[in-house]
Amino acid sequence: MTTRTNLGRRIGWGTTGLAATMAVIAVGAPTASADVNTLAIYPTGQTYYVGGSYQLVSTTMPTGGLRWVTLYDNGQCIGGMWTKPKENVDSVNLIAKVNWVPSTMGHHVLTADDSRTTKTFEVDVLAAPAGTVPATPTQPSGCGPLERFLNSGSSNAGSSG
């Protein structure tokens, strides 16, 4: 009887140890991800002005499939869309891009958020030079609460919004 009880305990401890090991492996295992890699403004390396028209570009790795990326200026949504392959470029990155027309001067924190990771880029925007005609900002798409709720997370298919 003692042998059976000891055998039962050994099997129990072995099962518990195996389950714990599998849990550690599962938690520590890398997952496929399409986290936001970069956020940049194009054209690069210039002075930014109120009313100027610039393009914000966020890149993700394609290993996790397409991702919904929302872009923000000082916490205010300026566009959201599914990432897609770069046009006419042999690249491993997927991109989301939006036209950005700053409406206020001062410090701006630009953010790309794919609901898993965020990247930020900080710039200072100056007053528009005298005599310049400011660009007309477009109405942002992909910023509504329903759009963000329905499109958060990853997908294998989607369209830009």
Task: Local electrostatic count, Tyr54, Cβ distance below 12 Å [Lys/Arg +1, Asp/Glu -1] - done: 0
Task: Area of Tyr72 that stays accessible when all protein chains are in place (1.4 Å probe, Å², to 10) - done: 40
Task: Per-residue SASA entry for Thr120, accessible area with 1.4 Å probe, Å² rounded to 10 - done: 80
Open item on the list: Under the rule of at least 5 residues apart or a separate chain, name every residue whose amide H is placed under 5 Å from the amide H of Tyr49.
Closed with: Leu126
Task: For Ile78, distant residues with modelled amide H under 5 Å away - done: Leu71, Tyr72, Asp73
Open item on the list: Using amide H atoms built in the peptide plane, which far-off residues or other-chain residues are under 5 Å from Val36 H to H?
Closed with: Asp114, Thr117
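The values are calculated or read from the model by the stated rules, or taken from the named source; none is laboratory data. For clarity, every value in this text was computed on a predicted model and none was experimentally measured. Positions of Cβ are generated from backbone atoms using ideal geometry, with glycine treated the same way; all protein chains shown enter the neighbour counts. These accessible areas exclude ligands, DNA and RNA; they are computed on the full protein's heavy atoms, side chains included. Shrake-Rupley method; radii C 1.70, N 1.55, O 1.52, S 1.80 Å.
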